[in-house]
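Here the structure is laid out as structure tokens; the discussion comes afterwards.
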Amino acid sequence: MAAITIFKDFFSRMFFNIFKNKKEIKLGFYGPPNAGKTSLANRICKDFTGEEIGEVSKIPHQTRTVQFKEKVEISYKGKKMTFKLIDTPGIATKIDYEDFLKYKMSKKDAKERAKEATQGVIESIKWLDDMDLVVIVLDAAENPYNQVNITIVGNLAARKIPVLIVANKIDLKKADIKKIEAAFPEYEVVGISARYGKNLEEFYESLFKLSKKV
């Protein structure tokens, strides 16, 4: 009986080790509006599935509901991992419909967009509890020391969710990765340009390393 038990335990462990890394990791993209969350998610989806996850726009809060792309298998240096990509609406502490009027939107459309954007922020926060790991996308040309970024990082730290910070838009002259690194020294920061696909190799390297913590 002892031999049979040992035999069963061995195969149980073996099958667990085989399949434990094949689960679909829920990867969430978080950050302030227009930082490039959807652009990065689109770049990944386009590279590995040939499809995009959502629309992008210069108008803030283009993404106002959570968007998904199931079973995205990412290959990097001979390794493969399967992710469920979750692109979330941009998080903001204040959303005023008047901010949309400068984009030549009607007052009615601006108010509707503001309402949907506010609901999107609430939805984003709710979804945090379902994430296996999170990529925080920040605009490298913007000041990282603000309430929105602190709120996002604080919520993730409280939930002990593994985090990778992406400093996007390094193609811009005002981009300053060091400032983001100084703002959040406890996290790894990777500088990329989602728009031009710059430095994605380092991003995937860091993503795969972070995934081992899941």
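Within the range 169-201, the set of residues being surrounded by fewer than 18 Cβ atoms within 10 Å (Cβ to Cβ), at pLDDT 95 or above and among the small types (Gly, Ala, Ser) comprises just one member, 182. Out of the strands (runs of 3 or more DSSP E) lying entirely within the range 112-214, which hold 1 or more residues that are acidic (Asp, Glu)? Because the criterion is at least 1 residues that are acidic (Asp, Glu), the strands (runs of 3 or more DSSP E) in the range 112-214 that meet it are 133-139.
Number of residues in the range 83-111 that are assigned to a helix (DSSP H, G or I) and in contact (Cβ under 8 Å) with a residue 40 or more places away in the chain: the value is 1. Out of the residues in the range 26-71 meeting the condition of being at pLDDT below 95, in contact with a helix residue (DSSP H, G or I) (Cβ under 9 Å, 6 or more places away or on another chain) and assigned to a strand (DSSP E or B), tell me which one is surrounded by the most Cβ atoms within 10 Å (Cβ to Cβ). The residue in question is 69. Take residue 94 and tell me if it is of a type in the set (D, E, K, R), crowded, with 19+ Cβ neighbours inside 10 Å and within 14 Å of residue 33 (Cβ to Cβ). Spelling it out, it is not the case that residue 94 is of a type in the set (D, E, K, R), crowded, with 19+ Cβ neighbours inside 10 Å and within 14 Å of residue 33 (Cβ to Cβ). Pairs are defined by a Cβ separation below 7 Å, a sequence spacing of at least 6 or placement on different chains, a first member in the range 112-130 that is in contact (Cβ under 8 Å) with a residue 12 or more places away in the chain and among the basic types (Lys, Arg), and a second member that is surrounded by 14 or more Cβ atoms within 10 Å (Cβ to Cβ) and in a helix (DSSP H, G or I); the pairs so defined are 113/100. Could you say whether any residue in the range 130-149 is surrounded by fewer than 20 Cβ atoms within 10 Å (Cβ to Cβ) and modelled with pLDDT under 90? Scanning the range 130-149 turns up at least one residue that is surrounded by fewer than 20 Cβ atoms within 10 Å (Cβ to Cβ) and modelled with pLDDT under 90. Would the range 95-113 turn up any residue that is in contact with a helix residue (DSSP H, G or I) (Cβ under 9 Å, 6 or more places away or on another chain), at pLDDT 90 or above and under 28 Å from residue 204 (Cα atoms)? No, every residue in the range 95-113 fails to be in contact with a helix residue (DSSP H, G or I) (Cβ under 9 Å, 6 or more places away or on another chain), at pLDDT 90 or above and under 28 Å from residue 204 (Cα atoms).
The values are calculated or read from the model by the stated rules, or taken from the named source; none is laboratory data. This structure is a prediction, so every number in the text was calculated from the model and none was measured. Cβ sites come from the backbone with ideal geometry, for glycine too, and all protein chains shown count toward neighbours.
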